[in-house]
Amino acid sequence: MSGSGATEEFRAARDFLLRHREDYAAAYAGFTWPRPARFNWALDWFDAVAEGNDRTALHIVEEDGTETRLSFAGMAARSARVANWLRDTHGVRAGDRIIVMLGNQAELWETALAAMKLRAVVIPATPLLGPADLRDRVERGRARHVIVRAADTAKFDEVPGEYTRIVVGGPQAPGTPDAPSTPSTPGAPSTPDAPSTPGAPGTDVPGGGGAAGGTGGRASRWAPYEEAYAASPDFTPDGPTDPSDPLMLYFTSGTTARPKLVEHTHTSYPVGHLATMYWIGLRPGDVHLNISSPGWAKHAWSNLFAPWNAEATVFIHNYTRFDAARLMAEMDRHGVTSFCAPPTVWRMLIQADLSALRTPPREVVAAGEPLNPEVIAAVRRAWGVTVRDGFGQTETAVQISNSPGQPLKPGSMGRPSPGFRVELLDPATGRPGADEGEIALDLSAAPVGVMAGYHGDPGRTAEAMAGGYYRTGDIGSRDADGYLTYVGRSDDVFKSSDYKISPFELESALLEHEAVAEAAVVPAPDPLRLTVPKAYVVLADGWEPGPDTAKALFAHARTVLAPYKRVRRIEFAELPKTVSGKIRRVELRRLTEQGSTAEYREEDFR
């Protein structure tokens with residue numbers, strides 16, 4: 001099945017979830033994954049939705065007020081031009097790997113759709129990456145093409161290889177049919193379907209092979225991406241798309257080790273994120289804002305597949321430095337109806353005056369790391385809506401979530417998403433049915449939203465999927481009503497005096513104190529208890545690091561935590577994070593093992 005048949009099968013599954021968006025029991029019991037024999041999401045879904053559709057698909061607001069609006073029909077035509085140009089001018093073929101290192105700019109979405117149409121494989125990369133990371137991606141990803149901003153081309157001076165180099169942001173190529181977007185006054189419409197042209201001008205950028213794939217000369221030209229707009233908007237695919245064809249290769253964020261290379265297919269993410277659409281509660285016509293850096297899986301989750309599965313508008317506000325007041329002003333001005341942000345952003349938001357947002361979104365969710373209950377409570381008081389947690393990984397779509405309209409339990413990340421059968425594997429036996437254990441997906445249920453495997457690493461793939469389960473490496477507990485609560489990464493949970501300690505629980509307790517903006521808890525060596533909980537703390541505005549603040553936090557911990565869980569040591573410091581914003585607890589554990597003279601100990605204040 002392909003073409004209209006695949007489209008209708010996908011639409012039927014999507015519409016079932018929309019009909020039962022607030023009836024979890026019906027959605028979970030009745031949902032079945034669409035499994036067309038042939039399926040290309042860009043051609044069979046997006047282009048079908050886009051035909052004659054002038055509603056806004058993508059709306060980007062820059063820090064300086066510049067706006068870019070692209071309709072569904074305009075985006076379909078532009079991505080077809082890009083696909084034709086990549087194929088006809090630069091020889092991009094099915095299976096070719098393309099490193100895409102762009103910011104939140106229209107070309108990012110155009111390229112994603114174009115690559116899908118060509119059956120090329122996208123390797124998403126954040127512009128924050130340096131030459132060493134890029135060298136790893138070119139080598140292990142076997143990249144044949146790179147598409148980057150002009151500001152980042154110099155990074156490839158140190159990345160050898162035979163790959164096409166394409167730059168976004170050079171001079172407008174002759175014959176380009178579209179004009180760049182222009183600054184607009186608040187509330188005024190901007191130029192529709194206009195290309196954005198961020199980055200420094202110029203295509204004679206040092207750094208590598210020729211436009212069609214050279215051997216690595218330092219003075220070679222980069223091909224200007226803007227030439228693509230002169231190509232034909234009529235695209236004919238070279239062949240059918242098999243559901244198992246590779247679509248994306250993601251390098252994981254590397255919180256504990258060298259990044260793994262996660263392979264997703266033309267169904268595992270596009271179709272799998274029907275579950276993500278359901279969790280967020282997206283509807284056709286919604287305006288959805290997700291704060292995420294391009295290059296990471298959550299960007300594809302909530303800035304590509306989930307909103308466009310729902311036929312919603314993707315809304316982006318670009319900024320150099322996070323400004324809560326400006327963000328809320330843009331949300332108000334442009335009618336954002338659903339909002340997703342990582343816990344770091346939520347923690348920054350509650351430090352601001354949330355009442356400044358006059359019309360809160362209907363749906364608010366958090367993902368990336370568990371959201372602490374006190375943050376949820378603060379948002380509920382200010383906006384009258386509840387932040388709903390969700391759990392997933394680069395390797396999957398959202399596995400567990402609090403879906404719209406359902407009773408929420410404090411601290412719980414919800415129940416299994418439609419289409420997923422979640423088990424807790426006993427840590428001793430590896431068998432399912434534990435009240436607390438490793439979160440795992442039953443693969444006998446054939447969930448669509450799971451990776452094909454770790455590319456080029458069959459051993460690691462077999463380990464992750466041993467015994468018929470995809471094993472997440474995360475520990476959770478389940479209550480009598482089927483709600484799951486996050487305990488921690490299997491390598492983050494530790495014992496103190498033979499009691500098991502969940503860092504997340506202690507961090508949540510510390511965040512209840514007004515002095516704490518962020519916290520991370522790791523085990524510290526102790527001669528009596530083997531280890532004791534140590535907290536690295538980032539202070540809120542108005543608080544100073546020192547013995548008085550440490551004393552107040554120790555007193556708070558004694559009040560809200562059982563004696564065996566109490567934080568025994570505190571150090572005020574910035575938290576090391578991956579470029580995707582996740583706390584690198586492995587680095588904090590290493591620092592703790594080395595010892596520190598800057599820490600405060602509970603016994604010093606007795």
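The values are calculated or read from the model by the stated rules, or taken from the named source; none is laboratory data. Since we're looking at a predicted model, the values are computed, not measured. Counting neighbours? That spans all protein chains shown, and the Cβs are built from the backbone with ideal geometry, glycine included. Surface accessibility is based on the protein's heavy atoms, side chains included, excluding ligands, DNA and RNA. Shrake-Rupley method; radii C 1.70, N 1.55, O 1.52, S 1.80 Å.
Give the residues of the range 490-503 that are crowded, with 19+ Cβ neighbours inside 10 Å and either modelled with pLDDT under 75 or of a type in the set (Asp, Glu) (or both), sorted by residue number.
Passing the criteria: 492, 502.
Taking into account only those residues within the range 61-80 that are farther than 28 Å from residue 92 by Cα and not charged (D, E, K, R), which is surrounded by the fewest Cβ atoms within 10 Å (Cβ to Cβ)?
Across the range 61-80, the extreme among qualifying residues is 65.
In the range 40-50, is there at least one residue being in contact with a strand residue (DSSP E or B) (Cβ under 9 Å, 6 or more places away or on another chain), crowded, with 21+ Cβ neighbours inside 10 Å and either under 22 Å from residue 152 (Cβ atoms) or hydroxyl-bearing (Ser, Thr, Tyr) (or both)?
Within the range 40-50, none of the residues are in contact with a strand residue (DSSP E or B) (Cβ under 9 Å, 6 or more places away or on another chain), crowded, with 21+ Cβ neighbours inside 10 Å and either under 22 Å from residue 152 (Cβ atoms) or hydroxyl-bearing (Ser, Thr, Tyr) (or both).
Hand me the list of helices (runs of 4 or more DSSP H) wholly inside the range 274-324 holding 2 or more residues that are more than 21 Å from residue 10 (Cα to Cα).
Filter on the range 274-324 gives 297-300.
Is there any pair linking a residue in the range 371-385 that is among the polar types (S, T, N, Q) to one that is surrounded by 14 or more Cβ atoms within 10 Å (Cβ to Cβ) and assigned to a loop (DSSP other than H, G, I, E, B), with Cβ under 9 Å and at least six apart or on different chains, and which?
372/411; 372/512
Condition first: assigned to a helix (DSSP H, G or I) and under 22 Å from residue 300 (Cβ atoms). Now tell me which residues in the range 332-353 satisfy that.
343, 344, 345, 346
Yes or no, residue by residue, for (1) under 20 Å from residue 526 (Cβ atoms); (2) at pLDDT 90 or above; (3) in a loop (DSSP other than H, G, I, E, B):
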residue: 552; (1), (2), (3): no, yes, no
residue: 558; (1), (2), (3): yes, no, no
residue: 567; (1), (2), (3): yes, yes, yes
residue: 571; (1), (2), (3): yes, yes, no
residue: 574; (1), (2), (3): no, yes, yes
residue: 580; (1), (2), (3): no, no, yes
residue: 590; (1), (2), (3): yes, no, no
residue: 593; (1), (2), (3): yes, no, no
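Among the residues of the range 201-213, is any farther than 30 Å from residue 54 by Cα, hydroxyl-bearing (Ser, Thr, Tyr), part of a loop (DSSP other than H, G, I, E, B) and modelled with pLDDT under 85?
Yes, because at least one residue in the range 201-213 is farther than 30 Å from residue 54 by Cα, hydroxyl-bearing (Ser, Thr, Tyr), part of a loop (DSSP other than H, G, I, E, B) and modelled with pLDDT under 85.
Name the residue that is surrounded by the most Cβ atoms within 10 Å (Cβ to Cβ), counting only residues in the range 85-102 that are in contact with a Leu (Cβ under 9 Å, 6 or more places away or on another chain) and part of a helix (DSSP H, G or I).
Going through the qualifying residues, I end up with 86.
Looking only at the range 26-69, which residues are part of a loop (DSSP other than H, G, I, E, B) and hydrophobic (A, V, I, L, M, F, W, C)?
31, 33, 37, 39
For the range 107-124, check the following and say yes or no: at least one residue is surrounded by fewer than 22 Cβ atoms within 10 Å (Cβ to Cβ) and either of a type in the set (Ser, Thr, Tyr) or outside any helix (DSSP H, G or I) (or both).
no
Please work out which residue is surrounded by the fewest Cβ atoms within 10 Å (Cβ to Cβ), limiting yourself to the range 395-414 and to residues that are closer than 17 Å to residue 374 by Cβ and of a type in the set (A, V, I, L, M).
Looking at the filtered set, the residue picked out is 408.
Which ones in the range 369-416 are under 18 Å from the mean Cα position of the chain (by Cα) and of a type in the set (Val, Ile, Thr)?
387, 394, 396, 398, 400
For residue 52, state whether it is among the small types (Gly, Ala, Ser) and over 29 Å from residue 403 (Cβ atoms).
Here the answer is yes, as residue 52 does meet what is asked.
Out of 240, 270, which single residue is part of a loop (DSSP other than H, G, I, E, B) and surrounded by fewer than 23 Cβ atoms within 10 Å (Cβ to Cβ)?
When all the criteria are applied, what remains is 240.
Of all residues in the range 578-606, count the ones that are touching a residue at least 24 places away in the same chain (Cβ under 8 Å) and within 32 Å of the chain's Cα centre (by Cα).
13
Go through (1) out of contact with any Lys or Arg (no Cβ under 8 Å at 6 or more places or on another chain); (2) closer than 21 Å to residue 413 by Cα; (3) open to solvent by 40 Å² or more (accessible area, probe 1.4 Å) and name the single condition residue 382 misses.
Unmet for residue 382, out of (1) out of contact with any Lys or Arg (no Cβ under 8 Å at 6 or more places or on another chain); (2) closer than 21 Å to residue 413 by Cα; (3) open to solvent by 40 Å² or more (accessible area, probe 1.4 Å): (2).
Return only the number of the condition from (1) over 30 Å from residue 245 (Cα atoms); (2) polar (S, T, N, Q); (3) surrounded by 14 or more Cβ atoms within 10 Å (Cβ to Cβ) that residue 429 does not satisfy.
Checking residue 429 against (1) over 30 Å from residue 245 (Cα atoms); (2) polar (S, T, N, Q); (3) surrounded by 14 or more Cβ atoms within 10 Å (Cβ to Cβ), the one that fails is (3).
Considering only the range 1-25, how many residues are outside any loop (DSSP other than H, G, I, E, B), open to solvent by 30 Å² or more (accessible area, probe 1.4 Å) and more than 14 Å from residue 283 (Cα to Cα)?
Residues in the range 1-25 being outside any loop (DSSP other than H, G, I, E, B), open to solvent by 30 Å² or more (accessible area, probe 1.4 Å) and more than 14 Å from residue 283 (Cα to Cα): 5 in total.
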